[in-house]
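The values are calculated or read from the model by the stated rules, or taken from the named source; none is laboratory data. As the structure is a computational prediction, the values presented were derived from the model and not from experiment. Neighbour counts are summed over all protein chains in view; Cβ atoms, including those assigned to glycine, are modelled from backbone coordinates with ideal geometry. Quick note on the areas: whole protein, heavy atoms, side chains included, nothing else; ligands and nucleic acids left out. Shrake-Rupley method; radii C 1.70, N 1.55, O 1.52, S 1.80 Å.
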Amino acid sequence: QSGMMCMDPFTGHIKAWVGGLDYRFFQYDHVKQGKRQAGSTFKPFVYLTALDNGYSPCDRIRDQRVTINYVENGKPMEWKPDNVTREYTGINMTLRHAMARSVNSVTAQLTEKVGWENVAKYARKVGITSPLLPVPSIGLGSAGDVSVYEMVDAYSTFMNTGFRSEPRLVTRIEDRNGNVIKQFDPVQKRAISAETAWLMTYMLRGGMEEPGGTSQ
């Protein structure tokens, strides 16, 4: 079971929507109805928060074991995130390199620096509408379930120079003679600055351009 959505980031026009295997047998939409933890695909929202608040792709954070101290319901808590490999390189990584390699320890440290509440705020800015818990693990995609629809909408904001386009399934309605009854024009609003959006597309290319990038 899976879902897939493809959208023109500049107009919001939905080009493809695959909700499941076969509607006759599985009447459940994995694009908008189904929600799951986003995992590492949520990490860019941490880096977005950082870049929009004075950080640079060239800033460095060391890949090392880390303990995050926080308070939950009035109780002091500890969180010790692991890298996927359970190994730590000790490298003082640039933010671009760390995001490209999907390094949990760096993302966790950056989340603490910028504030997990701010990460939730920026995720909502660019298109995430599902409830998000402002907790240290939000950057690793485990602070709430989100849909494919929301994630496509949010990522498209980076490509559209910081404008969020409202997804559209119908562009216009015509009568039998081709006369336009209703036209649905793109609905857009500025979510982040053009500069931050450009930096995010540069960061996302790192998955292919940085050594060891997860998109290679």
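Solvent-accessible area of the chain (1.4 angstrom probe, protein heavy atoms only): carbon and sulfur portion equals 51 percent. Taken about its Cα centre, region 47-102 carries a charge dipole of about 140 debye when Lys and Arg each add +1 at the Cβ and Asp and Glu each add -1 at the Cβ. Normalised per residue, the accessible area of region 1-106 is 58 Å², obtained with a 1.4 Å probe and no contribution from ligands, DNA or RNA. Considering only ARG60, ARG164, ARG176, the mean-square fluctuation computed in a Gaussian network model of the chain, springs between alpha carbons under 10 angstrom, is largest for ARG176. Between GLU166 and GLN33, the FRET efficiency from the beta-carbon distance, with R0 = 30 Å, is close to 0.95. Comparing ILE91, ILE128, ILE173 in a Gaussian network model of the chain where C-alpha atoms under 10 Å apart are linked, the largest mean-square fluctuation is found at ILE173. Kirkwood Rh over Cα pairs of region 90-216 into Stokes-Einstein at 37 °C, 0.692 mPa s: D in µm²/s? Rounded, D is 198 µm²/s. Across the alpha-carbon set of the chain, the Rg to Rh ratio works out to 1.03, Rh being the Kirkwood radius.
Computed per residue of the chain from DSSP H runs no shorter than four, each worth -39500 (n - 2.57), the mean residue ellipticity at 222 nm is -9000 deg cm²/dmol. Residues whose amide H falls under 5 Å from that of ARG62, counting only those 5 or more places apart or on a different chain, are MET93, with hydrogens built in the peptide plane. Quick query: amide H of HIS13 versus all other amide H atoms, modeled in the peptide plane; which residues come in under 5 Å with a sequence gap of 5 or more or a different chain? It is ASP8, ARG168, by chain and number. Among 21-34, 193-206, sorting by the average number of other beta carbon atoms lying within 10 angstrom of each residue, highest first, gives 193-206, 21-34.
Taking a straight Cα-Cα cut-off under 20 Å and skipping sequence neighbours fewer than 8 places away in the same chain, the aspartates and glutamates within cross-link reach of LYS121 are ASP52, GLU72, GLU112, ASP145, GLU150, ASP153, GLU166, GLU195.
A simple rule links phi to the HN-Hα coupling: the Karplus curve 6.51 cos²θ - 1.76 cosθ + 1.60 with θ = phi - 60°, which for region 83-89 gives 6, 4, 7, 6, 10, 10, 7 Hz, with x for Gly and Pro. Taking the Cα centre of the chain as origin and assigning +1 to Lys and Arg Cβ atoms and -1 to Asp and Glu Cβ atoms, the resulting dipole is close to 120 debye. Just to be sure I understand the curve: with the Debye formula and one point per C-alpha of region 14-111, what is log10 I(q)/I(0) at q = 0.12, 0.18 Å⁻¹? The calculated log intensity ratios at q = 0.12, 0.18 Å⁻¹ are -0.57, -0.89.
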